[in-house]
1. Among the residues in region 286-294, are any surrounded by fewer than 21 Cβ atoms within 10 Å (Cβ to Cβ) and part of a loop (DSSP other than H, G, I, E, B)?
2. Applying the selection to region 140-175, what residues are among the acidic types (Asp, Glu) and either within 19 Å of Glu112 (Cα to Cα) or at pLDDT below 95 (or both)?
3. Whether any residue in region 135-154 is open to solvent by 10 Å² or more (accessible area, probe 1.4 Å), in contact (Cβ under 8 Å) with a residue 60 or more places away in the chain and under 24 Å from Arg305 (Cα atoms) is what I want to check.
4. Which residues, counting only those in region 94-113, are open to solvent by 20 Å² or more (accessible area, probe 1.4 Å) and assigned to a strand (DSSP E or B)?
5. Go through region 295-311 and give me each residue that's surrounded by 18 or more Cβ atoms within 10 Å (Cβ to Cβ) and touching a Ser or Thr at 6+ places or on another chain (Cβ under 9 Å).
6. Within region 194-218, track down each residue that is open to solvent by less than 40 Å² (accessible area, probe 1.4 Å), more than 20 Å from Val138 (Cβ to Cβ) and hydrophobic (A, V, I, L, M, F, W, C).
7. Give me the residue from region 224-258 that is touching a helix residue (DSSP H, G or I) at 6+ places or on another chain (Cβ under 6 Å) and under 19 Å from Gly110 (Cα atoms) and, out of that set, surrounded by the most Cβ atoms within 10 Å (Cβ to Cβ).
8. Which of (1) farther than 29 Å from Leu196 by Cβ; (2) open to solvent by less than 10 Å² (accessible area, probe 1.4 Å) is the odd one out, the single condition Ile262 does not satisfy?
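The values are calculated or read from the model by the stated rules, or taken from the named source; none is laboratory data. What you are looking at is a predicted structure, and each value in this text was computed from that prediction instead of being measured. With ideal geometry, Cβ positions are generated from the backbone for all residues, glycine too; neighbour counts draw on all protein chains shown. These area figures cover heavy atoms from the full protein model, side chains too; ligands, DNA and RNA do not enter into them. Shrake-Rupley method; radii C 1.70, N 1.55, O 1.52, S 1.80 Å.
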Amino acid sequence: MRRATSPPYAFRNSGPRRRVLNSGESLRNPEGNSFAWRGTREGGHFAYDRFSGGARIHGPSGAAPARSPRGPERTATPHSRRIPGATMRIGIIGAGNIGGALARRLTDLGHEVTVANSRGPQTLADLASETGAKAVTVEETPRGADLVVVTIPECRVPELPPGLFDGVPDDVVVVDTGNYYPRQRDGRIEEIESGLPESRWVEKRLGRPVVKAFNNIYARHLAEHGRPAGAPGRVALPVAGDDEAAKRVVMDLIDQLGFDPIDAGGLDDSWRQQPGTPVYATDKDAEGVREALAGASRERGPEWRATDGSPGTFTAPA
């Protein structure tokens, strides 16, 4: 007979099913591993991630404790010697579709996530409560982070605080997820119109080397289409950057999220994954992504070039 000394706890995985566990009840995850819940009267929930095999426990505030059922909390390390799969401190600048999807998935994987937007942390209370991520200011995001994701509209990059990365160690990885949408949102950016790769332009504005990733997938697909390694039809994502060690960190993170990472070369080659290319928003597998990158044309089509009336909107481009 089960003791009724503790309240029930919600089990949540990335699928649609939910169930309730009581203190001391064991749980078998999708891979057949068994976990025993050791809850307290304060409440909380157990979250199992089916792609990484990891698990997290949340208290009533949504914050994860220092330890989880996968063992002692792992210490984040510089990317030059980071162990693949290790817990990282990840800052996300931008809480839109991609930023929100990453905040949800990365916290599910057990990473320590902070998130910021231009309107201030008070506007992120719902996302923080849902995910356990910590809402901070943009200026705070890179401080103490191992990896920073910049996921804001291209036209807003110059509005980021000056000196955002001043004093931030060189081994902090910076990821750019952005795309240039001149007719829909961003208006004319002359350097990009003249052929400069979009992420090279972002890198110049940030004053930091960047790795380009997550720009060619819909946010909903990023949140829902991850699969275990080796699964047939696993979606692949290209990763471009000049720092090989930083690129490996991002590629490992993509694998944790349930996608096959594909090395797309240096940042000067990142035009191969920009809007209008064969790999953009097509959810190809690894072989398909390699073929699409190889077959890309550097010429921007008219739908991806600014006009005298730009910008319009996504429903009415100008």
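1. The initial filter retains those residues of region 286-294 that are surrounded by fewer than 21 Cβ atoms within 10 Å (Cβ to Cβ), namely 286-288, 290-291, 294.
Filter once more, keeping what is part of a loop (DSSP other than H, G, I, E, B): none.
Within region 286-294, not a single residue is surrounded by fewer than 21 Cβ atoms within 10 Å (Cβ to Cβ) and part of a loop (DSSP other than H, G, I, E, B).
2. Taking region 140-175 as the starting set, the residues that turn out to be among the acidic types (Asp, Glu) are 140, 146, 154, 159, 166, 170-171.
Passing the criteria: Glu140, Asp146, Asp171.
3. Yes: region 135-154 contains one or more residues that are open to solvent by 10 Å² or more (accessible area, probe 1.4 Å), in contact (Cβ under 8 Å) with a residue 60 or more places away in the chain and under 24 Å from Arg305 (Cα atoms).
4. Pass one, region 94-113, residues open to solvent by 20 Å² or more (accessible area, probe 1.4 Å): 95-98, 104, 108, 112.
Of everything in region 94-113, just one residue is open to solvent by 20 Å² or more (accessible area, probe 1.4 Å) and assigned to a strand (DSSP E or B), namely Glu112.
5. Ala296
6. Ala213, Ile217
7. The initial filter retains those residues of region 224-258 that are touching a helix residue (DSSP H, G or I) at 6+ places or on another chain (Cβ under 6 Å), namely 236-242, 245-246, 249, 257.
Within this subset, residues satisfying the condition of being under 19 Å from Gly110 (Cα atoms) are 249, 257.
On the way: Val249: 25, Leu257: 23.
By that ranking, first place goes to Val249.
8. Evaluating Ile262 over (1) farther than 29 Å from Leu196 by Cβ; (2) open to solvent by less than 10 Å² (accessible area, probe 1.4 Å) leaves (1) as the failure.
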